[in-house]
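Here's the structure we're looking at; comments come further down.
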Amino acid sequence: MIRTLLVTTALAIAAPAMAQQAAMPEAPQSATPATPATPADPQAAMPQAATPATPATPANPTDAVASIVDTEFPAYDANSDGQLDQSEFSKWMVALKDQEMKATGKALPAEQVTAWANGAFTTADADKSVSVSKPELVTFLSGGAG
């Protein structure tokens with residue numbers, strides 16, 4: 001559910017940027033030109049392929065999750081060691097679970113949320129180092145696709 005919430009949030013952030021990519025209107029041309037134009041540069045006579053604008057946010061959901069993790073990680077890495085211990089990780093996951101519960105209107109008892117966060121830590125700590133790195137967190141939140 002948290003992964004879905006993160007991906008949905010990332011896509012919701014990306015949607016306005018993608019919506020702003022409008023096609024350029026074609027210039028009106030007269031039906032019969034008075035004199036045929038001969039360009040001095042033969043390359044200018046060839047039609048140019050349209051180059052789409054680059055979206056402001058990554059199109060790949062894993063990249064979007066990585067961007068969010070890069071932005072939010074320092075706020076939860078209390079000791080600034082570049083890793084999240086179980087306490088730091090749990091604070092972040094509980095905050096995400098609270099957002100999810102508000103969005104869905106569902107509620108869980110605090111002990112269930114804590115148990116869920118502890119299980120999430122065990123799953124996210126892929127190398128079993130008793131801390132979660134940014135790459136491990138991105139992989140976990142991306143559903144293992146990172």
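Structural remarks
- E88 vs. criteria crowded, with 19+ Cβ neighbours inside 10 Å, over 22 Å from P61 (Cα atoms) and out of contact with any Pro (no Cβ under 8 Å at 6 or more places or on another chain): yes
- Of all residues in the range 133-143, none satisfies being farther than 22 Å from P61 by Cβ, touching a residue at least 40 places away in the same chain (Cβ under 8 Å), surrounded by fewer than 17 Cβ atoms within 10 Å (Cβ to Cβ) and not basic (K, R).
- Tabulated pairs, the range 95-114, first closer than 25 Å to V69 by Cα, second among the hydroxyl-bearing types (S, T, Y), C-beta under 8 angstrom, 6+ apart or interchain: T114/S90
- The set of residues in the range 113-146 that are β-branched (V, I, T) and assigned to a helix (DSSP H, G or I) comprises V113, T114, T122, T123, V138, T139.
- From the options A75, A44, A49, residue that is modelled with pLDDT under 50, part of a helix (DSSP H, G or I) and more than 16 Å from F140 (Cα to Cα): A44
- Number of residues in the range 68-84 that are crowded, with 17+ Cβ neighbours inside 10 Å and in contact with a Ser or Thr (Cβ under 9 Å, 6 or more places away or on another chain): the value is 3.
- Number of positions in the range 96-117 that are surrounded by 14 or more Cβ atoms within 10 Å (Cβ to Cβ) and hydrophobic (A, V, I, L, M, F, W, C): 6
The values are calculated or read from the model by the stated rules, or taken from the named source; none is laboratory data. Quantities reported herein were computed from a predicted structural model and do not represent experimental measurements. Glycine also receives a Cβ, built like all others from the backbone with ideal geometry; neighbour counts cover every protein chain displayed.
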